[in-house]
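Values quoted throughout were computed directly from the atomic coordinates according to the rules given, and no laboratory measurement underlies them. From a predicted model like this one, the values you see are computed outputs, not experimental measurements. Glycine gets a Cβ as well: all are built from the backbone with ideal geometry, and neighbour counts include every protein chain shown.
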Amino acid sequence: MRTIVLGLGNPILGDDGIGCRVAEELKRTVEAEGASEQIDIEPFYRGGISLMERLIGYDRALIVDSIQGMGAEVGTIHRLSLDDLPTMTADSPHDASLKAALELGRQLNASLPEEILIFAVEIRYSTEFSESLSPLVEASLEPLKRMLLQELQISPSS
Amino acid sequence: MDKQRITIDPITRLEGHGKIEIFLNEKGEVENTYFQIPELRGFERFCVGRPVEEMPILTNRICGVCPEAHHMAAAKAADAVYHVDPPSTAKKLRELLYSAFYVTDHATHFYALAGPDFVMGPDAPVAERNILGVIHKVGLETGGKVIQARKYGHDVIEKIGGRKVHPCTAIPGGQTTGITEEQRQEIEKMGRWAVEFAQFSLGLFNDIVLGNKAYVDLILGDIYTHATYYIGVVDDQNLVNFYDGNVSVVAPDGERIGKYAPSEYRDWIAERVEPWTYLKFPYLKKVGWKGFVDGKDSGVYCATPLSRLNAADGMATPLAQEQYEKFYSVLGGKPVHQRLATHWARLIELLYAAERWVELATDPEITSTNFHTVPTETPTEGVGIVEAPRGTLTHHYWTDERGVLTRVNLIVGTTNNYAPISMSVKKAAQNLIKKGTKVTEPVLNMIEMAFRAYDPCFGCATHSLPGQMPLQVTIHDVDGEVIDVVRRD
């Protein structure tokens, strides 16, 4: 079974970069454990149709992103399914929402993952450029990594 | 004064989140509108102290939609900082990558963003007004073509730019790598397919939009019309060019009032500050700021696909030129002021980009290994301008003698259009909301269409998932009491 883990975000926009950060760190751990053969892990910077296109060819996908407006404390990690995301019309990046893009892909018989899980870290919206995470979001990094490793059924040796 | 307030927040089908506030007067008519956006701040400061050669990599992270545009503008600005003229092959490789990028970008915009309004109709049920509705109507095969066009575009970007998403091969003086003959052949083949796809898309527009009187009336109607200035990069024949040239400036009556080189942009463009928004409003310095009004005395200008066509004398490729002539013939001559015609102009640019892709892929120089000139001059200051899909993109850098940035100024594509977008929103709202008008979802959508034509891209560097952010319109009475809520879940 081929799995992809994508960490979404912008690494120069503060807390929005949490997905990219965790992808980089998780990749090192998974490679150190020798478990990277069936698992691809990478940061990813686009949403919508581009994101759907990147998922083609995998059986399972774990998507990590920041999220706003769930009402939880900053740094809270939400484990979500696609059904937990807003509808196709309300959630609208530049091209199409992820749900609409996935539906489009399925209609076009693209080989898309059967299972897509979303791990989202609650952030407050920031409009300031920065390469660092705020303390509360930084603190979510380790628990988030543990959750992803558990999902990948990898027990780090150290 | 008795006023009511309508808020559209956030705007759907846009990168980033914006907010429209509509103030009604005591008669229930639109008195004023404010289009507010959360600008990403501090990028210029963030760059200071970094080597200028990092900018083509760094700036393409500003935007999740058009990193290629920032990569190109940054590379050209860095060339200028080092006073180095890249070899012809390097320029052609950059333009080839850029043409392929334009095909993916414009195709996605038409089918995912503009398509829902025109293929499904402005008042179609909201659940159908998305790319799935469009594909359902025009056929699954078309959806496959859109995905294929994107795949080919991304393949070219990866072959020349080194990566699919954020290209990394443009450096001061040229490119880090060239392409092989085998790669060239693949790129040419994909380009020829892209030309057919662009023609197919124009055919679809012709059948579905131009073949429908209601849509043509909508395009030609007054609601979405503004007589402003237009700017766009042109080559030395005054033909549209996305990568290189001078910026042509055309008045509302079609007269070209001048052309400026990238290094002269500050003689032409000034920026207006308004108290209600962080983003500045660029305007033509030589004409002056007269407020949010159109006409020859107002320095408000527009920089979009429609502007590029208006600011040029034609297209540099034969099939696109045919379409250019048809465009002005059908719409009654130059310049065209109807903002919804921007969608048609974008498809003509799609065809031009595809043709240019083939031209460059078959250029004898394209596989040359002379793709870099080593900079030898002391770096100082430089400006790079390209046409981003959403408008003229200007990067201006200052460095010390080591090439370390001391100052950065960017005018991004959408920012050019902030004043005309604000005007379009107001005009659409004034036309659509009269006394007693029930502000329904289709009415809101038709107001949104006023700015969707500009394909604006605000606060576009973030991909955070919106947890619970439906489109919500709240109408307040004079005491701040909510008297109506229109919600799009």
Checklist entry - Could you give the distance between the Cα centres of region B:177-229 and region A:48-76, to the whole Å? => result 31 Å
Checklist outcome for this item: Scalar couplings 3J(HN,Hα) for region B:219-234 by Karplus 6.51 cos²θ - 1.76 cosθ + 1.60 (θ = phi - 60°), nearest whole Hz, x for Gly and Pro, are 5, 7, x, 6, 3, 10, 10, 9, 8, 10, 6, 9, 10, x, 6, 10
Checklist entry - With axes computed from alpha carbons, what is the tilt in degrees of helix B:88-108 against the longest principal axis of chain B, rounded to the nearest 10 within 0 to 90? => result 20 degrees
Checklist entry - Long-range amide H contacts for residue A:67: which residues qualify at under 5 Å (H placed 1.01 Å from N, peptide plane, sequence gap of 5 or more or a different chain)? => result A:121, A:122, A:123, B:465
Checklist outcome for this item: If one compares the long axis through the Cα atoms of helix B:67-81 with the longest principal axis of the Cα atoms of chain B, the angle in degrees, nearest 10, works out at 50 degrees
Checklist entry - By how many degrees, 0 to 90 and rounded to 10, does the Cα axis of helix B:318-331 deviate from the longest principal axis of chain B? => result 20 degrees
Next on the checklist: Is there a quick way to get the dipole size of region B:81-138? I mean about its Cα centre, with the Cβ of Lys and Arg at +1 and of Asp and Glu at -1; what is the value in debye to the nearest 20?
Outcome noted: 220 debye
Checklist entry - Residue farthest toward the positive end of the dipole of region B:278-384, with Cβ of Lys/Arg at +1 and Asp/Glu at -1: which of B:316, B:336, B:357? => result B:336
Checklist entry - Looking at A:44, A:109, A:157, which one has the Cα that reaches farthest to the positive end of the dipole of chain A (charges on Cβ: Lys, Arg +1; Asp, Glu -1)? => result A:109
Checklist entry - Using Cα pairs under 8 angstrom and six or more residues apart, how large is the relative contact order of chain B, in percent? => result 26 percent
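Counting only other residues whose beta carbon sits under 11 Å from that of residue B:200, what net charge do I get with K and R as +1, D and E as -1? Mind showing how you got there, number by number?
Numbers: positive: B:145; negative: B:141, B:196, B:207.
Net charge in that neighbourhood comes out at -2.
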Checklist outcome for this item: Which residues qualify? For residue A:130, with a placed amide H closer than 5 Å and at least 5 residues away or on another chain, they are A:13, A:14
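Around residue B:361, under 13 Å between beta carbons, what's the net of Lys plus Arg minus Asp minus Glu among the other residues?
Numbers: positive: B:92, B:159, B:184, B:189, B:192, B:356; negative: B:95, B:155, B:181, B:182, B:186, B:188, B:355, B:359, B:363, B:365.
Residues near residue B:361 contribute -4 overall.
Full extension from residue B:168 to residue B:437: what is 0.36 nm times the residue separation minus their Cα-Cα distance, to one decimal in nm?
91.6 nm
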Checklist entry - Mind listing the phi-derived Karplus ³J(HN,Hα) values for region A:5-17, rounded to whole Hz, using 6.51, -1.76 and 1.60 with θ = phi - 60°, and x for any glycine or proline? => result 10, 10, x, 8, x, 10, x, 10, 10, x, 5, 4, x
Item to check | Label point distance in nm, residue B:210-residue B:376, each placed 7 Å from Cα along Cα→Cβ | outcome: 5.3 nm
Item to check | chain B - Rg and Dmax from Cα coordinates, angstrom | outcome: 22.2, 71
Item to check | Per-residue ³J(HN,Hα) for region B:21-30, Karplus 6.51 cos²θ - 1.76 cosθ + 1.60, θ = phi - 60°, Hz, x for Gly and Pro | outcome: 10, 10, 9, 9, 8, 5, 7, x, 9, 6
Checklist outcome for this item: Between the alpha carbon centres of region B:352-372 and region B:253-291 the gap in Å comes to 34 Å
Checklist outcome for this item: For region B:409-460, the charge dipole (Cβ of Lys, Arg +1; Cβ of Asp, Glu -1; about the Cα centre) points to a positive end, and the Cα of B:417, B:436, B:451 closest to that extreme belongs to B:436
Checklist entry - So if we plug the beta-carbon distance of residue B:257 and residue B:330 into 1/(1 + (r/R0)^6) with R0 = 35 Å, what FRET efficiency do we get, rounded to 0.05? => result 0.85
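How big is the equivalent ellipsoid of the protein assembly as shown along its three axes, where each semi-axis is √(5λ) from the Cα gyration tensor, reported in whole Å from largest to smallest? Please list the in-between numbers first.
Working: eigenvalues 236, 208, 129 Å².
Whole-Å semi-axes of the equivalent ellipsoid: 34, 32, 25.
For region A:3-151, what is the relative contact order in percent, using Cα pairs closer than 8 Å and at least 6 residues apart in sequence?
On the way: 286 pairs, mean separation 51.1, N = 149.
So the answer I get is 34 percent.
For region A:3-151, what is the charge dipole size about the Cα centre, in debye to the nearest 20, if Lys and Arg each add +1 at the Cβ and Asp and Glu each add -1 at the Cβ? Don't skip to the end; give the middle numbers.
Numbers: 12 positive and 26 negative charges, 25 e Å.
For region A:3-151, the charge dipole is close to 120 debye.
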Item to check | Exposure proxy order (Cβ contacts within 10 Å, fewest to most) of B:398, B:276, B:344 | outcome: B:276, B:398, B:344
Checklist entry - Within a Cβ distance under 14 Å of residue B:51, other residues only, what is the Lys/Arg minus Asp/Glu net charge? => result -2
